[in-house]
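What follows is a single structure, written as structure tokens, with notes after it.
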Amino acid sequence: MSELSVDHLLGIKYLNKDDINLIFETADHFKEVINRPIKKVPSLRDITIANLFFENSTRTRLSFELAEKRLSADVVNFSAASSSVKKGETLIDTVNNILSMKVDMVVMRHPNPGAGVFLSSHVNASIVNAGDGAHEHPTQALLDSYSIRERLGEVGGKKIVIVGDILHSRVALSNIFALKLQGAEVKVCGPKTLIPKYIEKLGVKVETDLKKALAWCDIANMLRVQNERMEISYFPSTREYTQQFGVNRKLLDSLDKEIVIMHPGPINRGVEITSDVADSSQAIILDQVQNGVAVRMAVIYLLASKIKR
């Protein structure tokens with residue numbers, strides 16, 4: 001297979017296993033490129049990409065921008081906080097104004113679930129979803145699976161537990177879709193108030209005891225508690241959350257095997273994970289960041305190759 005089955009990356013649920021394999025093979029190539037002294041390739045010299053971020057982001061925005069520049073694309077950055085959106089302009093008008101400047105691809109983060117799907121049916125450009133509310137974050141799930149493949153050889157057959165705030169997490173949903181598609185076993189673990197009611201319909205088991213979850217898994221993906229998405233309190237206190245669902249060195253050392261620790265960032269150190277775990281050799285958190293650039297280069301390159309000029 002030499003091209004993606006989709007024209008946009010709106011969510012993992014629209015991809016098939018061949019798409020994921022193609023993205024990973026392409027990312028392998030780009031990972032080699034970004035470790036060279038000259039880190040740029042001229043692949044997308046004639047492509048213009050607009051990064052539209054209607055929500056705050058540091059790592060994802062920088063990672064996409066770096067990926068685009070490594071491919072030699074022209075890049076336009078748009079931050080909603082300082083834009084006409086504040087004056088009441090609609091999403092379609094905002095994007096069409098940007099597209100009239102001859103933009104080929106839009107990377108968008110938006111607080112509303114489905115914003116990317118809505119946009120893809122109304123504008124003539126390739127859309128990459130960089131996170132839509134608490135719905136999906138496909139490139140994060142791809143870089144997470146890519147990092148697992150790099151550390152453990154493959155994703156299929158591995159046992160992965162996603163720990164923390166599953167209810168508000170777009171990372172959790174995209175990861176569940178991606179991991180299941182590749183044949184991994186998935187459990188979620190966290191306070192019952194932070195586990196969605198429908199979760200088992202996705203073929204995922206729920207484990208409320210963290211130590212049991214860690215004893216079962218090969219990999220623990222630690223999510224932060226998303227206080228900014230909470231209108232009410234879902235657990236009594238941060239201290240109590242940490243006591244029940246925080247991973248520390250002592251807990252890891254009590255297991256009879258060594259598991260891999262992941263985190264999509266930003267880390268609340270001392271809450272879901274302690275510094276001596278985050279900075280240990282068991283953690284692949286910085287590998288995830290590095291792999292994010294290669295995976296996003298792969299996604300952009302493969303989508304750009306389908307743009308009909």
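The values are calculated or read from the model by the stated rules, or taken from the named source; none is laboratory data. This one's a predicted model, so the numbers in the text were calculated from it and none came from an experiment. We place every Cβ from the backbone using ideal geometry, glycine too, and count neighbours over all the protein chains shown.
Residues checked against (1) in contact with a Leu (Cβ under 8 Å, 6 or more places away or on another chain); (2) more than 22 Å from Asn112 (Cβ to Cβ); (3) at pLDDT below 95:
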{"site": "Leu167", "(1), (2), (3)": "yes, no, yes"}
{"site": "Ile176", "(1), (2), (3)": "yes, no, no"}
{"site": "Gln182", "(1), (2), (3)": "no, yes, no"}
{"site": "Lys187", "(1), (2), (3)": "no, yes, no"}
{"site": "Pro191", "(1), (2), (3)": "no, yes, yes"}
{"site": "Leu194", "(1), (2), (3)": "yes, no, yes"}
{"site": "Tyr198", "(1), (2), (3)": "no, no, yes"}
{"site": "Val204", "(1), (2), (3)": "no, yes, no"}
{"site": "Lys212", "(1), (2), (3)": "no, yes, no"}
Please verify whether Ser63 is in contact with a Leu (Cβ under 6 Å, 6 or more places away or on another chain), among the small types (Gly, Ala, Ser) and outside any strand (DSSP E or B), treating the condition exactly as stated. no
Residue within the stretch 90-97 that is touching a residue at least 12 places away in the same chain (Cβ under 8 Å), part of a loop (DSSP other than H, G, I, E, B) and β-branched (Val, Ile, Thr) present: no
For Val161, indicate whether it is in contact with a Cys (Cβ under 6 Å, 6 or more places away or on another chain) and either on the phi > 0 side of the Ramachandran plot or modelled with pLDDT of 95 or more (or both). yes
Mind counting the residues in the stretch 108-130 that are among the polar types (S, T, N, Q) and surrounded by fewer than 17 Cβ atoms within 10 Å (Cβ to Cβ)? 3
Could you please find all residues in the stretch 74-105 being modelled with pLDDT of 70 or more, over 22 Å from the mean Cα position of the chain (by Cα) and of a type in the set (A, V, I, L, M, F, W, C)? Leu91, Ile92, Val95, Ile98, Leu99, Met101, Val103
Qualifying residue in the stretch 282-291 (condition: under 14 Å from Met222 (Cβ atoms), without any contact (Cβ under 8 Å) to a residue 60 or more places away in the chain and outside any helix (DSSP H, G or I)): yes
Can you tell me which residue is nearest to the chain's Cα centre (by Cα) among those in the stretch 143-189 that are of a type in the set (Asp, Glu) and assigned to a loop (DSSP other than H, G, I, E, B)? Asp165
Can you find a residue in the stretch 138-156 that is closer than 30 Å to Trp216 by Cβ and of a type in the set (Lys, Arg)? yes
Pick out the one residue from Ser79, Ser120, Ser126 that is without any contact (Cβ under 8 Å) to a residue 40 or more places away in the chain and not hydrophobic (A, V, I, L, M, F, W, C). Ser79
Given the options Val41, Val103, Val107, name the one that is outside any helix (DSSP H, G or I) and either more than 25 Å from Gln290 (Cβ to Cβ) or of a type in the set (Ser, Thr, Tyr) (or both). Val103
Criterion: at pLDDT below 85 and either outside any helix (DSSP H, G or I) or closer than 14 Å to Val293 by Cβ (or both) - qualifying residue of Asn56, Asn51: Asn56
Can you find even one residue in the stretch 19-30 that is free of Cβ contacts under 8 Å to residues at least 60 places away in the same chain and outside any helix (DSSP H, G or I)? no
Do you know which of the residues in the stretch 197-223 that are assigned to a loop (DSSP other than H, G, I, E, B) and within 19 Å of the chain's Cα centre (by Cα) is nearest to Val271 (Cα to Cα)? Leu223
Of all residues making up the stretch 113-141, the number that are in a loop (DSSP other than H, G, I, E, B) and either at pLDDT 90 or above or more than 26 Å from Ile166 (Cα to Cα) (or both): 9
Just give me the residues in the stretch 25-51 being among the hydrophobic types (A, V, I, L, M, F, W, C) and closer than 15 Å to Ala67 by Cβ, in sequence order. Ala27, Phe30, Val33, Ile34, Val41, Leu44, Ile47, Ile49, Ala50
